[in-house]
Amino acid sequence: MRRSLSSVALGLGLMWCAAPAAAQEGALPAAAGDVSPEQVLQQAEGFVKKREYAKAESAYQEVLARDPKQAAAWAGLAKVYHRNKRWKEAADLLARGRAELGATWAEGTYLLAYTQRKAGNPREAIALYQAYLELVSDDPDGVFGLAASFEEAGQPAEAREAYARYIQVEKRPSEQKWVDKARERVEALQAAAPAPQIKLANPEAAPPATAEAVKPPAAVDPAALRRQGEEAFAAKSWDKAAAAWTAAADADPDDWETRYKLGVARALCGDLPGAVQAWEAALALNPSLRVAQERIQQAQAKLAAQSEGGADDPRLTASPAERLALAQEYLQAQRWSMALRAADAALDATPDDGAAHHARALALMGLARYDEAEAALEIALGARPGDGAVMLALGQCALQRGDTPRARWMLRRGLDRLDPTAAAYPDLRAVLERLDAVASAR
């Protein structure tokens, strides 16, 4: 449902647009204690079996709003998006799920790899499939996905090798058709490969080779390559640093630190997908590396902003008022990543601006990052005490987290501020009545 925005309560309308689909239709998540998240999860899975995907989507969203550690709900909702070819939404969802559950969540890593491949991003898919196969060694589905991604990325030699590996590891009789397809791909890729050029030696042109003349290639020294990278980075030669650190990482498969630095160098070169790939690899080797996770989220946000368009909007560097107006414009268009970027730009110029913190919070809610949104809203409320729209947004965040008492309190306070005559916002009042009824029935 789309709602028009009044000049009095712009933030309220935007907040309501930012709510999940279920909330927009009035079916907001049940209060904690109504039914358990596990019961709602069972309902969602039942809806999937009956092919009632819209209902399944709403149910999965309710589970995640109340218990974001439910891995089955993240996976189930992603698969619902897959059925409707909503690849970008699935990728954003799974990225948030991996941030919540950790990079060692194997199913989420596999699903995100599959999603990126279907979305036409084979390079990202390759890095994710490789990370998945480090968690679940030689899983046939992961190996086949990696092979297909290599082929789509224009890496035929790697694709042939991965398809051949799939043929070796696939033991399930039900998957024989995929084994046959892998054999077909190996043959096709082999046929397309250029024939090697063979030079016939002229025995009179050179003396016969001796043991001293035929020397093995020099061993790669990862430490020396790392030093080269450090020197190039210090000289701000980002591309040379990236090249040296790539070679060092290839030579040392357990070196997470070099992979992290490689991500930084690639980001400075403007290669954000490559940076994410390097940071994903570092995080797979060292799951406690929170800074890598933060870098990944920042890079993915920038990539999302670029995909939404407007990444180079000159108003991002205009006056604080113009930056805030740009954020509100993007919020109305539900371009959440760009709205977040514009709000952050406004806050760079005026860090204490309550309206900019409010806009930032609404963008975060649109991205389903409710904990961060709630923190921004608290700052906004401190700067603008008694702001009813901010209170309503805080109530929505509390509802998403399953904190019914806080949700009721904030919603009631916000409605009293914005609508003391109870003449407007019937949907919000219906939600509040429902929460009150559940609370009184306990």
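Each reported figure results from applying straightforward, stated rules to the coordinates on display, with no laboratory input. Because the structure is a prediction, the values reported are computed rather than measured. FYI the Cβ positions are ideal-geometry reconstructions off the backbone, even for glycines, and counts take in every protein chain you see.
Averaged over every viewing direction, what's the projected area of the C-alpha convex hull for the range 103-190? Give it in nm², one decimal, please.
So the mean shadow area of the Cα hull is 5.2 nm².
With the crude spin-label approximation of a point 7 Å out along Cα→Cβ, what separation in nm comes out for residue 36 versus residue 171?
Result for the modelled spin labels: 3.6 nm.
Any chance you could check the Cα centroid distance between the range 96-131 and the range 222-262 for me, in angstrom?
Between the Cα centres of the range 96-131 and the range 222-262 lies a distance of 25 Å.
At 25 °C and 0.890 mPa s, grab the translational diffusion coefficient of the range 324-409 from Stokes-Einstein with a Kirkwood Rh over Cα pairs, rounded to a whole number in µm² per second.
196
Just to confirm my numbers, what's the Cα centroid distance between the range 33-89 and the range 345-415 in Å?
Taking the Cα centre of the range 345-415 as reference, the centre of the range 33-89 is 26 Å away.
Using 7 Å Cα-to-Cβ label points, what is the residue 294/residue 433 separation (nm, one decimal)?
Each label point lies 7 Å from its Cα, and together they span 4.7 nm.
What does the convex hull of the Cα atoms come to per residue for the range 222-308, in Å³?
Looking at the range 222-308, the number lands at 77 Å³ per residue.
Quick check on packing: order 346-355, 170-179, 393-402 by the mean number of other C-beta atoms within 10 Å, highest mean leading.
Sorting 346-355, 170-179, 393-402 by mean packing, highest first, produces 393-402, 346-355, 170-179.
Give me 336, 105, 279 sorted ascending by neighbouring Cβ count inside 10 Å, so fewest comes first.
So the residues, fewest neighbours to most, are 105, 336, 279.
Got a sec to turn the phi values of the range 52-62 into Karplus ³J(HN,Hα) couplings, 6.51 cos²θ - 1.76 cosθ + 1.60 with θ = phi - 60°, whole Hz, x for Gly and Pro?
Each residue of the range 52-62 in turn: 9, 6, 5, 5, 4, 4, 4, 5, 4, 4, 5 Hz.
For 67, 387, which order do you get if you count the other beta carbons within 10 Å of each Cβ and list the fewest first?
67, 387
Counting residues in the range 121-164 as N, plug N into 2.2 N^0.38 Å and put the Cα Rg over that result.
Ratio of Cα Rg to 2.2 N^0.38 Å: 1.00.
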